[in-house]
Amino acid sequence: MPCPDIPRLHLVTDSDTLEHPDFAARAVSAMEAGGARVAVHVRGPRSTGRSLYETAVALGPAARSSGALLLANDRLDVALAANLGGAHLGERSLPVPEARALLGPDRVIGASAHDREGLLALEGDGANYAFVGTLYETASHPGRAGLGTTALARMLDEVRGIPVMAIGGIVPGRVGDVLEAGAFGVAVLRGVWSAKDPAAAVLDYLAALESPPTEGL
């Protein structure tokens, strides 16, 4: 069963998002709106370690007061230095067991998987959750077809021991299909950070995630 401490909505940043002049205020509003139901990933592929650390430290008080989970994405050093709730491991990161040895047993560790074998390996290594995608075509990968919910359902068949967050092109209207395919939650970037009101966008996603499933005819 999914760990109850893992939020179902993950908000992932990129360097452009972090460079927005109002990012800190927008991130705080998103965390206050979602509380413990959201995780915020401090991620910036072009950003320096110093700037990521400073961002993480600045968001720390809002994360603690709201209950939101604050993670460093692909930067174990930032997770450790800023004393965050955990880390998401990218392709360049250490394997899960080595990351666990550094972060300890109580912090959250997630990672990305691209197939069923990868998911099973993450589960066996003790990851707390996994990302799977890209589910739909996104602006980051124009012209590249997404995985789709049918393939996602096949990938998740018989995988029940690790919560899976689908990522890539997911808008609130697609959340129901994603959950029906077996995902525990979703991870988004532009769906929240490109919104005029990130807090309202967070509430839209949470409403979709928490809506009762529709019964088939």
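The values are calculated or read from the model by the stated rules, or taken from the named source; none is laboratory data. For clarity, every value in this text was computed on a predicted model and none was experimentally measured. All Cβ positions, even for glycine, are placed from backbone atoms using ideal geometry, and neighbour counts span all protein chains on display.
In the condition set (1) surrounded by fewer than 18 Cβ atoms within 10 Å (Cβ to Cβ); (2) in a strand (DSSP E or B), Ala200 is compliant with all but (2). Quick one: in segment 68-80, which of the residues that are in contact with a helix residue (DSSP H, G or I) (Cβ under 8 Å, 6 or more places away or on another chain) and either within 19 Å of Val164 (Cβ to Cβ) or among the small types (Gly, Ala, Ser) (or both) is surrounded by the fewest Cβ atoms within 10 Å (Cβ to Cβ)? If we take residues in segment 68-80 being in contact with a helix residue (DSSP H, G or I) (Cβ under 8 Å, 6 or more places away or on another chain) and either within 19 Å of Val164 (Cβ to Cβ) or among the small types (Gly, Ala, Ser) (or both), then Leu69 is surrounded by the fewest Cβ atoms within 10 Å (Cβ to Cβ). Can you name every residue in segment 1-44 that is of a type in the set (Gly, Ala, Ser) and more than 18 Å from Ala127 (Cα to Cα)? Ser15, Ala24, Ala25, Ala27, Ser29, Ala30, Ala33, Gly34, Gly35, Ala36, Gly44 - these are the residues of segment 1-44 that are of a type in the set (Gly, Ala, Ser) and more than 18 Å from Ala127 (Cα to Cα). Among the residues of segment 18-53, those that are among the β-branched types (Val, Ile, Thr) and either part of a loop (DSSP other than H, G, I, E, B) or crowded, with 22+ Cβ neighbours inside 10 Å (or both) comprise Val38, Val40, Val42, Thr48.
When Ala166, Ala183, Ala111, Ala130 are checked against the criterion of being part of a strand (DSSP E or B), touching a strand residue (DSSP E or B) at 6+ places or on another chain (Cβ under 6 Å) and closer than 17 Å to Tyr205 by Cα, Ala166 stands alone in meeting it. Residue pairs whose Cβ atoms lie under 7 Å apart, sitting 6 or more positions apart in sequence or on different chains, and linking a residue in segment 52-69 that is at negative phi and touching a residue at least 40 places away in the same chain (Cβ under 8 Å) to a partner that is buried (at least 21 other Cβ atoms within 10 Å of the Cβ) and assigned to a helix (DSSP H, G or I), are Ala68/Met31; Ala68/Gly34.
Can you tell me how many residues within segment 198-215 are over 22 Å from Thr13 (Cβ atoms) and modelled with pLDDT of 95 or more? Working first, answer last.
As a first pass, look at segment 198-215 and keep what is over 22 Å from Thr13 (Cβ atoms): 207, 210-215.
Still in the list and also modelled with pLDDT of 95 or more: 207, 210.
Number satisfying all stated conditions: 2.
Every listed requirement among (1) closer than 22 Å to Ile162 by Cα; (2) in contact with a helix residue (DSSP H, G or I) (Cβ under 7 Å, 6 or more places away or on another chain) is met by Gly90 save one, (2).
Within the option set Asn128, Asn83, being within 25 Å of Ala33 (Cβ to Cβ), out of contact with any His (no Cβ under 7 Å at 6 or more places or on another chain) and surrounded by 15 or more Cβ atoms within 10 Å (Cβ to Cβ) holds for one residue only, Asn128.
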